[in-house]
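The values are calculated or read from the model by the stated rules, or taken from the named source; none is laboratory data. For clarity, every value in this text was computed on a predicted model and none was experimentally measured. With ideal geometry, Cβ positions are generated from the backbone for all residues, glycine too; neighbour counts draw on all protein chains shown.
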Amino acid sequence: MYIRSDRLLVWFDPPHYGWADNNRFDRTGAATSIVLDGKYTFATPESHTNKKTTTGGMGLMAEFLGQDFIEAAAVGERFHKAGVGTIERVEEDMGPYAYMKLSCERYEADIEQDGDNAVVFSLTAPMMHGHAFDLTRRASVQGNVLTMQATMTNKGEKAFSLLEYNHNFANLNDRVVGQDYRVDLTYPLTLGKPPAGVISQDGTVYTFSGTPERPFFLSTDDVGDADTYGWTLSHAADGLRMSEKVSEKPARTAMWGTEHIVSVEVFLPISLKPGESKTWTREWTFDA
């Protein structure tokens, strides 16, 4: 399924199919192809080879993190992996990504076209250990801007807290990461240690002295105040740019990548009491 404007063509995988059929990423709003002006591309697979172990990412894909749902389940019981489905807790300490290899009972999810330039995704998480919720995402394009507005409603008996973030498996027109790439943040971060290897930091600017030989990862829980919160990935030689702007102050920020990906990941906090709803927006702008 795709949506389009006079400049953008964005393809989405329907829930439970293709790249959206995954135990990690939110099954709603997986943008697996983004083309600007009919020739510039911005989405790429997490890996270009089957020789590397990956979690199956592609393009723009959201994920929810949080312990409330897991801790509500005893070993042998199922828990909510928000945006995905219910997964059995097989051990006391699940460990990172343990859920990736376990069977998943998928949420009921729908997708509906809303004209040429918009599509609406929705899913329902059933009651489990006092937790239940609805999630809706509306993706729309206008000119060179893709907007994703999400709403989550707590339909359960208990409060819960989550972090929602977007993996941006981003690449500017198939260009290898290197000296022409640059990341600009609109807000300051305080890293626990300076970047290593080919990455350098100068205030809110991150540059590359060469192509990374191995995956890199930077993360911080300390996000400074700013008028707007977002980032821009640019390529100097081609003049290509991809920017994301979020609707509120992030809880944390990470930057992950490989030789062909730079993914700036902005984490937004979600805390809902029974009956409460929260709406937030991510907006991506693509330039050439």
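Residues that are buried (at least 19 other Cβ atoms within 10 Å of the Cβ) and of a type outside the set (A, V, I, L, M, F, W, C) within the stretch 244-274 comprise GLU244, PRO250, THR253, GLY257, THR258, HIS260, SER263, GLU265, listed in sequence order.
Report yes if THR28 is assigned to a strand (DSSP E or B) and either touching a helix residue (DSSP H, G or I) at 6+ places or on another chain (Cβ under 7 Å) or crowded, with 17+ Cβ neighbours inside 10 Å (or both), otherwise no. No; evaluated as a whole, the condition is false for this residue. The residue list PRO269, PRO215, PRO188, PRO195 contains one member that is touching a strand residue (DSSP E or B) at 6+ places or on another chain (Cβ under 9 Å), more than 30 Å from ARG137 (Cβ to Cβ) and touching a residue at least 12 places away in the same chain (Cβ under 8 Å), which is PRO195.
Among the residues of the stretch 106-164, those that are at pLDDT 95 or above and assigned to a loop (DSSP other than H, G, I, E, B) comprise ASN117, HIS129, GLY130, GLY143, ASN144, LYS155, GLY156, GLU157, LYS158, ALA159. Looking only at the stretch 238-254, count how many residues are of a type in the set (D, E, K, R), outside any strand (DSSP E or B) and more than 21 Å from ASP221 (Cβ to Cβ). Residues that pass the stated criteria total 1. Within the stretch 64-99, the residues that satisfy the criterion of being aromatic (Phe, Trp, Tyr) and modelled with pLDDT under 90 are TYR97, TYR99. Filtering the stretch 206-232 to residues that are over 16 Å from PHE267 (Cβ atoms) and either over 21 Å from the mean Cα position of the chain (by Cα) or assigned to a loop (DSSP other than H, G, I, E, B) (or both) leaves THR207, PHE208, SER209, GLY210, THR211, PRO212, GLU213, ARG214, PRO215, ASP225, ASP227, THR228.
Every test in (1) free of Cβ contacts under 8 Å to residues at least 60 places away in the same chain; (2) hydrophobic (A, V, I, L, M, F, W, C); (3) surrounded by 14 or more Cβ atoms within 10 Å (Cβ to Cβ); (4) over 30 Å from LEU9 (Cβ atoms) is passed by VAL35 save one, and that test is (4).
Have a look at VAL177, VAL90, VAL75, VAL145 and point out the one that is aliphatic (A, V, I, L, M), out of contact with any Leu (no Cβ under 6 Å at 6 or more places or on another chain), surrounded by fewer than 18 Cβ atoms within 10 Å (Cβ to Cβ) and in contact (Cβ under 8 Å) with a residue 60 or more places away in the chain. Can you show your working first?
Numbers: VAL177 fails: surrounded by fewer than 18 Cβ atoms within 10 Å (Cβ to Cβ); VAL90 fails: in contact (Cβ under 8 Å) with a residue 60 or more places away in the chain; VAL75 fails: in contact (Cβ under 8 Å) with a residue 60 or more places away in the chain.
Of VAL177, VAL90, VAL75, VAL145, the one residue that is aliphatic (A, V, I, L, M), out of contact with any Leu (no Cβ under 6 Å at 6 or more places or on another chain), surrounded by fewer than 18 Cβ atoms within 10 Å (Cβ to Cβ) and in contact (Cβ under 8 Å) with a residue 60 or more places away in the chain is VAL145.
Close Cβ contacts (under 6 Å, 6 or more residues apart or on different chains) running from residues in the stretch 247-266 that are touching a residue at least 24 places away in the same chain (Cβ under 8 Å) and more than 10 Å from PRO212 (Cα to Cα) to residues that are among the acidic types (Asp, Glu) and in a strand (DSSP E or B) comprise ALA254/GLU265.
Sort out which residues of the stretch 26-56 are within 21 Å of THR281 (Cα to Cα) and at pLDDT below 90, and write them in order of number. Passing the criteria: only ARG27.
If you go through the stretch 59-72 and keep only what is part of a loop (DSSP other than H, G, I, E, B) and free of Cβ contacts under 8 Å to residues at least 12 places away in the same chain, you end up with just GLN67.
Which members of the stretch 7-22 meet the condition of being outside any strand (DSSP E or B) and crowded, with 20+ Cβ neighbours inside 10 Å?
At the first step, the residues of the stretch 7-22 found to be outside any strand (DSSP E or B) are 7, 14-22.
Residues satisfying the conditions are PRO15, TRP19, ALA20, ASN22.
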